Amino acid sequence: MTKTISRLYNSYDRAAQAVRDLEAAGVAHSDISIVANNSDNWYSNNGGAKRVDRDRDGVDDRAEGAGKGAGIGAGVGGAAGLLAGLGLLAIPGVGPVVAAGWLVATAAGAATGAAAGGIIGALTQAGVSDEDAHVCAEGVRRGGTLVTARVNDADASRLEATLDRSSLRTSDLRSSYSKSGWKSFDQSATPYTADQVRKERGLYP
């Protein structure tokens, strides 16, 4: 039997490390997904040439990393596995995202950028509670990065502990969102701007 586990992270870097930890623990690339907010355009693919600029200094992080002998770009540019297959798409209610993996394919179906409700549907279909699925979608909308994995029941507790190391608690996020009147993810909502995303990330250091 398999179980789906999902965690939200405040930054792509933390989520990418969680993905690498899952892969190191033996979880197949095909059983892991990542969906990261890209409202601040940290990842771009202009003219087919991918640019990764997480520190937003105008220089591709992978080039900087190569010059430093690894550095900040190593996690995206040179890694084998899931992170090597990142792509761009737009999700209604969320906006631009950088994503890879089975959840994205399931949610999008035949049309790239299908409704974010498709992500909620894909999560709930895989066993994530409806309540948590809505928090996950809203979390990505507000600047977070979602990591989802299909794992064996016998390994679930151990792998959940691995994902918990630097993740955000969905119960805390639900409580925080609710204070402003939030009830559930709305795919017709206006996506967050880059400034709003930066402010939101600052709430959860």
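The values are calculated or read from the model by the stated rules, or taken from the named source; none is laboratory data. Quick caveat: nothing in here was measured; it's all calculated off a predicted structure. A quick note on method: Cβ atoms are made from the backbone with ideal geometry, for glycine too, and the neighbour counts reach across all protein chains shown.
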Exercise for the section: Just one of (1) farther than 28 Å from ARG174 by Cβ; (2) more than 15 Å from the chain's Cα centre (by Cα); (3) at pLDDT 85 or above trips up SER44, so point out which. Expected result: (3)
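Look through ASP132, ASP164, ASP155 and report the one residue that is in contact with a helix residue (DSSP H, G or I) (Cβ under 8 Å, 6 or more places away or on another chain), acidic (Asp, Glu) and under 29 Å from ALA24 (Cα atoms).
ASP132
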Problem - Of residues in the range 156-173 being assigned to a helix (DSSP H, G or I), surrounded by fewer than 17 Cβ atoms within 10 Å (Cβ to Cβ) and not aliphatic (A, V, I, L, M), the one nearest to the chain's Cα centre (by Cα) - result: ASP164
Problem - Tally of residues being within 18 Å of ILE119 (Cβ to Cβ) and either in a loop (DSSP other than H, G, I, E, B) or without any contact (Cβ under 8 Å) to a residue 24 or more places away in the chain (or both) across the range 174-189 - result: 8
Fill in the blank from the handout: Across (1) in a helix (DSSP H, G or I); (2) modelled with pLDDT under 90; (3) of a type in the set (A, V, I, L, M); (4) touching a helix residue (DSSP H, G or I) at 6+ places or on another chain (Cβ under 7 Å), ALA105 clears everything bar (4)
Fill in the blank from the handout: ARG150: passes all of (1) under 19 Å from ALA18 (Cα atoms); (2) modelled with pLDDT of 90 or more; (3) surrounded by 21 or more Cβ atoms within 10 Å (Cβ to Cβ); (4) in contact with a helix residue (DSSP H, G or I) (Cβ under 7 Å, 6 or more places away or on another chain) but (3)
Completion exercise
Sole miss for ALA116 among (1) under 16 Å from PRO92 (Cβ atoms); (2) in contact with a strand residue (DSSP E or B) (Cβ under 6 Å, 6 or more places away or on another chain); (3) modelled with pLDDT of 80 or more is condition (3)
